[in-house]
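The values are calculated or read from the model by the stated rules, or taken from the named source; none is laboratory data. Just so we're clear, the structure is a prediction, and the values are computed from it rather than from any experiment. Neighbour counts run over all protein chains shown; Cβ positions are idealised from the backbone, glycine included. Each accessible area value is taken on the protein alone, full model and side chains, heavy atoms only, with ligands, DNA and RNA left out. Shrake-Rupley method; radii C 1.70, N 1.55, O 1.52, S 1.80 Å.
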Amino acid sequence: MNGPPIPYGRQSISQADIQAVVDVLSSDWLTQGPTVERFEQTVAGYCGTAHGVAVNSATSALHIACLAAGIGPGDILWTSPNTFVASANCGLYCGATVDFVDIDSRTYNMSVERLEEKLEQAERDGKLPKVVIPVHFAGQPCDMEAIGRLAGRYGFTVIEDASHAIGGRYKNEPVGNCRHSAMTVFSFHPVKIITTGEGGMVLTNSPELHERLLRLRSHGITRDPALMAGESHGPWYYEQIELGFNYRMTDIQAALGVSQMTRLDEFVKRRHQLAERYDEALAELPLTLPWQHPDTWSAFHLYVVRLNPGTIRKSRRQVFEDLRGRGLLVNIHYIPVHTQPFYRATGFADGDFPESERYYREAITLPLYAGLAEGDQDRVITTLREIL
Ligand SMILES: *Cc1c(COP(=O)(O)O)cnc(C)c1O
């Protein structure tokens with residue numbers, strides 16, 4: 001170890017962030033109140049989307065987005081194998097069946113070619129998906145125009161898992177505007193671009209989906225007389241008209257979110273600067289560096305390098321352990337979801353999605369976050385050169 005540990009990602013908290021949280025603590029509202037609404041308007045306004053529904057995690061956001069899309073037992077959801085398990089689990093929460101679409105070899109996002117092939121086959125078999133969840137891996141948006149076009153042709157609902165991608169852009173428009181999807185989900189976990197401690201949000205332009213999401217966030221309860229089965233008993237009256245959850249975000253968290261949003265563009269810009277420094281410093285090493293599609297401006301949640309097979313004597317595991325041993329807390333994103341024991345038990349096996357499996361064997365996520373000091377980044381670069 002040649003210095004203090006450097007994580008692969010971490011939050012960046014300012015004095016203003018701290019003050020915003022403290023202010024809420026001495027206000028009337030701790031749980032969901034006016035600051036949650038302000039946070040929703042801030043994020044929806046930034047993205048140019050009509051509605052935002054803040055919840056206690058992106059996992060909850062994915063769950064209620066799936067329910068609002070009407071997916072249930074007998075239905076099918078497709079996502080990318082190169083993601084966190086939450087992108088797939090949300091389908092299982094709803095009683096649906098989950099399947100995957102292999103990734104593109106350059107962006108590591110869901111491959112549109114594989115999606116198109118799989119849709120053609122599924123149509124022949126009468127097994128078309130009801131929901132498809134593209135994941136904007138590492139912060140780089142998927143080919144949403146093509147996916148949106150396929151959604152129109154085959155009649156599925158698109159939910160973007162943009163947990164990595166707030167602040168990113170696709171064809172020069174903000175990720176989250178739902179131009180090619182029904183809903184977009186963000187995560188505010190501390191390693192992501194902005195944080196609320198724990199938290200997530202669903203964005204949508206549909207008033208119907210918005211209303212449904214609000215209800216599912218809070219027990220399936222409505223106070224709208226137009227939606228009630230019976231007559232109101234009085235001003236206290238509410239009705240539970242479906243099964244919802246307590247997925248509410250607190251005003252304490254939302255205050256942090258509102259404050260963090262003021263620095264979102266700065267965070268993403270800094271991530272790009274650091275990514276460019278890596279690009280230059282690592283260009284001569286036997287690595288494949290992150291490729292950026294010209295249509296996209298990544299939020300750069302992750303900086304992933306691939307060890308070029310056959311050019312390095314050390315195994316990926318050895319390189320990983322050498323880096324960790326020197327205090328560089330690199331990580332791996334992601335173990336293909338279909339190879340998790342829980343998913344294997346439902347019938348998936350090695351070889352089902354070969355591109356994502358090949359990618360997984362070679363990938364290492366290097367430290368990248370807005371507050372990463374250049375001196376610390378240089379330590380990553382120097383150590384990597386020595387190890388390779
Ligand atoms: C982090 C993450 C999630 C889950 O986010 P939480 O807010 O921790 O629930 C879902 N999908 C992807 C791609 C993620 O990276």
| request: Sketch the reach of a paramagnetic label on Arg277 as a point 7 Å from Cα along Cα-to-Cβ, and name the residues of segment 347-388 whose backbone nitrogen lies under 13 Å away. | output: 367-382
| query | In degrees between 0 and 90, to the nearest 10, how far off the longest principal axis of the chain does helix 144-154 point, with axes built from Cα atoms? | reply | 50 degrees
| said: So if I place +1 on the C-beta of Lys and Arg and -1 on the C-beta of Asp and Glu, and nothing else carries charge, what would the dipole magnitude of segment 264-387 be about its Cα centre? I want it in debye, nearest 20. | reply: 440 debye
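What's the lysine pair count for the chain at a Cα cut-off below 20 Å, pairs eight or more apart or interchain?
Value for the chain: 4.
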| field | Computed [θ] at 222 nm, deg cm²/dmol, the chain (DSSP H ≥ 4; -39,500 (n - 2.57); rounded to nearest 500) | value | -11500 deg cm²/dmol
| message | Give me the percent of accessible area attributable to carbon and sulfur for the chain, probe 1.4 angstrom. | response | 50 percent
| task | Give the residue from Tyr247, His233, Ala162 lying farthest towards the positive end of the charge dipole for segment 15-261; charges sit on Cβ (+1 for Lys and Arg, -1 for Asp and Glu) and the dipole is referred to the Cα centre. | result | Ala162
| With the contact rule set at Cα under 8 Å and sequence spacing of 6 or more, what percent relative contact order holds for segment 286-388? | 35 percent
| Quick one: helix 15-25 against the long Cα principal axis of the chain, what's the angle to the nearest 10°, folded into 0 to 90? | 30 degrees
| remark: Two pseudo-spin positions, 7 Å from Cα along C-beta at Arg317 and at Gln19, lie apart in nanometres by 5.2 nm
| said: What is the angle, in °, between the Cα long axis of helix 207-217 and the longest principal axis of the Cα atoms in the chain? Nearest 10 is fine, range 0 to 90. | reply: 80 degrees
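Out of the trypsin sites (Lys or Arg not before Pro) in segment 192-245, which ones are loop residues according to DSSP with at most 15 other C-beta atoms within 10 Å?
Arg223
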| task | Would you rank Arg149, Arg263, Arg169 by solvent-accessible area, highest first, keeping every protein chain in place and using a 1.4 Å probe? | result | Arg149, Arg169, Arg263
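How much length, in nm to one decimal, is gained on full extension between Asp350 and Leu388, taken as 0.36 nm per residue of separation minus their Cα-Cα distance?
Residue separation times 0.36 nm, minus the Cα-Cα distance, leaves 10.8 nm.
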| task | Would you look at the GNM of the chain, springs on alpha carbons closer than 10 Å, and say which of Gly244, Gly347, Gly257 moves the most? | result | Gly347
| field | Low-density loop cleavage sites - GluC sites (Glu not before Pro) in segment 281-388, where at most 13 other Cβ are within 10 Å (DSSP) | value | Glu284
| remark: Taking only the alpha-carbon positions of the chain as identical scatterers, the Debye log10 I(q)/I(0) at q = 0.10 Å⁻¹ comes out as -0.67
| remark: A student applying the Cα gyration tensor rule (rounded when a/c is under 1.5; otherwise prolate if a/b is larger than b/c, oblate if not) would label segment 21-65 oblate
| message | So if I take the centroid of the Cα atoms in segment 310-388 and the same for segment 205-252, what is the distance between those two points in Å? | response | 43 Å
| remark: Under a Gaussian network model of the chain whose springs join Cα atoms within less than 10 Å, the largest fluctuation of Thr107, Thr157, Thr31 belongs to Thr31
| remark: If unit charges are put on Cβ atoms (+1 for Lys and Arg, -1 for Asp and Glu) and the dipole of the chain is taken about its Cα centre, the option from Ile387, Cys47, Gly199 lying farthest towards the positive end turns out to be Ile387
| task | Percent of Cα-Cα pairs per 10 Å bin, from 0 to the last occupied bin, for segment 75-140, please list those. | result | 23, 52, 24, 1
| note | To the nearest Å², the heavy-atom accessible area per residue of the chain with 1.4 Å probe amounts to 43 Å²
| query | Is segment 262-318 rounded, prolate or oblate when judged by the Cα gyration tensor, a ≥ b ≥ c being the square roots of its eigenvalues, rounded requiring a/c under 1.5 and prolate requiring a/b larger than b/c? | reply | prolate
| task | Work out the length of the dipole vector of segment 58-180 about its Cα centre, built from +1 on the beta-carbon of each Lys and Arg and -1 on the beta-carbon of each Asp and Glu, and round it to the nearest 20 debye. | result | 220 debye
| message | Could you report the accessible area of Ile312 in Å², rounded to 10, computed with a 1.4 Å probe on the protein chains as they sit in the structure? | response | 30 Å²
| query | Shape of segment 343-388 from its Cα gyration tensor (a ≥ b ≥ c, root eigenvalues): rounded if a/c is under 1.5, otherwise prolate when a/b > b/c, or oblate? | reply | prolate
